[in-house]
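Let me begin by presenting the structure, written as structure tokens, before commenting on it.
The values are calculated or read from the model by the stated rules, or taken from the named source; none is laboratory data. Note that this is a predicted model, so its numbers are computed, not measured. Here the Cβ is made from the backbone with ideal geometry for all residues, glycine too, and neighbour counts use every protein chain on show.
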Amino acid sequence: MIFAMNRLYTVIFTLIFAVFSMGSHAADLFTVKGIDASGTSDNAKESKKIALKNGEREALYKLFDRITPQYVQNSLPKLDDEQISELVRGFDVKDEKITRNFYKANLSISFNPLFIGRLLEESGISYIKKKSKPVIILPVLYQDGTATIWQPSNLWKNAWQEAIENSHLVNFIIPKGDADDRWNLDLKAIAKGDVDYEKLQNIITKYNADKVLLASLKYDEEGRTLAEVSMSYIDEERPEKLYRTFYAKDDETFDMILSRATDGIVSSIERIWKKQQENTQSAKIKINVTVPIRSLSEWVVVNKKLSSLDFITKMDVSQITTRYAIIDLYFNDSYESFNDRLNDEGLTIKNNGNGLFLVDNDAS
């Protein structure tokens with residue numbers, strides 16, 4: 001196991017990875033920011049130690065939530081403080097507050113992608129290994145009858161830049177706005193739906209992108225209490241347009257409306273992209289499920305059903321009582337497809353908030 005490695009081997013391995021990952025976006029994916037950690041003890045040194053351990057644990061499980069499917073949360077490995085620390089590559093500290101017996105700070109913690117990957121793979125858990133290919137964002141502001149992106153007064157672009165800095169899974173890019181970009185992106189024509197696909201392909205090639213999202217903003221220039229946003233992937237021949245209107249909440253400034261809008265759009269895009277990655281996973285997946293039973297004979301029936309299914313590659317039974325059985329199921333398919341195939345066999349997986357439960361629909 002990786003936790004048996006000594007510190008020297010950890011440092012060497014980390015340096016090797018750093019050399020080969022320069023210029024990639026893996027570091028952003030495996031870094032968790034904004035962890036408020038605190039600790040209390042008999043002295044400041046021990047308080048800081050406790051706070052850092054608490055922060056590392058919170059950050060690790062936030063990372064797991066980011067890169068693993070929701071349905072595997074009960075299958076995640078249980079680690080002690082020392083094991084978690086072995087996974088940490090480094091951290092930044094700000095806003096420290098230290099007293100004689102208390103410590104508090106805001107942490108940004110980076111984890112070693114190789115060690116995280118090894119841990120999850122050994123646990124049979126699929127995960128997202130890197131951010132998406134770039135998605136070009138065109139944050140077009142309609143103001144005084146003109147479509148603009150790169151003017152300093154474009155608050156919409158500024159809000160997008162802040163939201164992009166906090167994105168984790170999708171690699172968003174706003175074109176730099178140089179002469180080449182301005183030549184290939186005729187905003188007036190694009191706003192009318194007249195897209196020059198040859199020029200657009202030049203932009204896609206330049207930024208090695210996968211998609212181009214036109215995110216247009218109109219707002220009431222007098223009160224600035226609402227923002228009307230339209231979005232479409234203009235690299236598609238028949239782009240579907242989505243419209244959303246964001247209204248000001250109590251004491252919310254216009255900048256705050258735009259920030260809420262961009263944060264919400266980014267979260268939605270990342271959620272969809274993550275779901276797509278989960279559906280296309282082909283590696284072995286493991287889920288932990290509880291099977292409610294009323295008798296051991298009922299378990300025998302369910303066990304026989306599961307054992308006969310060729311799309312279940314392995315099944316481990318960890319606990320059986322007269323009320324339930326806890327099992328690990330392994331399969332080589334997306335979770336949705338796996339669940340559909342179970343339904344065809346009269347079995348259903350349900351998530352009631354306390355984990356996954358497998359129910360035999362044929363049980364009387």
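Out of LEU114, LEU141, one residue alone is in the same structural domain as ALA261 (by TED's automatic domain parsing) and in contact with a helix residue (DSSP H, G or I) (Cβ under 8 Å, 6 or more places away or on another chain). It is LEU141.
For segment 162-170, does any single residue satisfy the condition of being within 30 Å of LYS62 (Cα to Cα), in a helix (DSSP H, G or I), in contact (Cβ under 8 Å) with a residue 60 or more places away in the chain and of a type in the set (D, E, K, R)?
yes
Between LYS129, LYS133, the distinction of being in a loop (DSSP other than H, G, I, E, B), among the basic types (Lys, Arg) and touching a helix residue (DSSP H, G or I) at 6+ places or on another chain (Cβ under 9 Å) belongs to LYS129 only.
Could you list, in sequence order, all residues of segment 215-251 that are aliphatic (A, V, I, L, M), touching a residue at least 40 places away in the same chain (Cβ under 8 Å) and assigned to a loop (DSSP other than H, G, I, E, B)? Correct list: ILE234 only. Taking (1) surrounded by 19 or more Cβ atoms within 10 Å (Cβ to Cβ); (2) touching a Phe, Trp or Tyr at 6+ places or on another chain (Cβ under 7 Å) in turn, SER126 satisfies each apart from (2).
Take the residues in segment 175-186 that are within 11 Å of LEU138 (Cβ to Cβ) and either out of contact with any helix residue (DSSP H, G or I) (no Cβ under 6 Å at 6 or more places or on another chain) or among the basic types (Lys, Arg) (or both); name whichever of them is surrounded by the fewest Cβ atoms within 10 Å (Cβ to Cβ). Before the answer, list the steps.
Just the residues of segment 175-186 that are within 11 Å of LEU138 (Cβ to Cβ), to begin with: 175, 177, 181, 185.
Then drop every residue that is not either out of contact with any helix residue (DSSP H, G or I) (no Cβ under 6 Å at 6 or more places or on another chain) or among the basic types (Lys, Arg) (or both), which leaves 177, 181, 185.
Values: GLY177: 13, ASP181: 19, LEU185: 24.
Taking the candidates together, the pick is GLY177.
For the structure I just gave you, tell me whether GLU252 is surrounded by 12 or more Cβ atoms within 10 Å (Cβ to Cβ), modelled with pLDDT under 90 and more than 25 Å from the chain's Cα centre (by Cα). Yes.
Determine, yes or no, whether GLY39 is at negative phi and at pLDDT 75 or above. When the stated conditions are applied, GLY39 passes them.
Among residues of segment 287-305 that are in contact (Cβ under 8 Å) with a residue 12 or more places away in the chain, those with a beta-carbon under 6 Å from a residue that is among the charged types (D, E, K, R) and surrounded by 15 or more Cβ atoms within 10 Å (Cβ to Cβ) at least six positions away or on a different chain give the pairs ASN288/ASP328; VAL302/ASP360.
The residues of segment 23-76 that are surrounded by 16 or more Cβ atoms within 10 Å (Cβ to Cβ), under 14 Å from SER110 (Cβ atoms) and either of a type in the set (Ser, Thr, Tyr) or without any contact (Cβ under 8 Å) to a residue 12 or more places away in the chain (or both) amount to a single one, THR31.
Counting the residues of segment 148-195 that are among the aliphatic types (A, V, I, L, M) and either more than 32 Å from the chain's Cα centre (by Cα) or not assigned by TED's automatic domain parsing to the domain that holds ASP263 (or both) gives 2.
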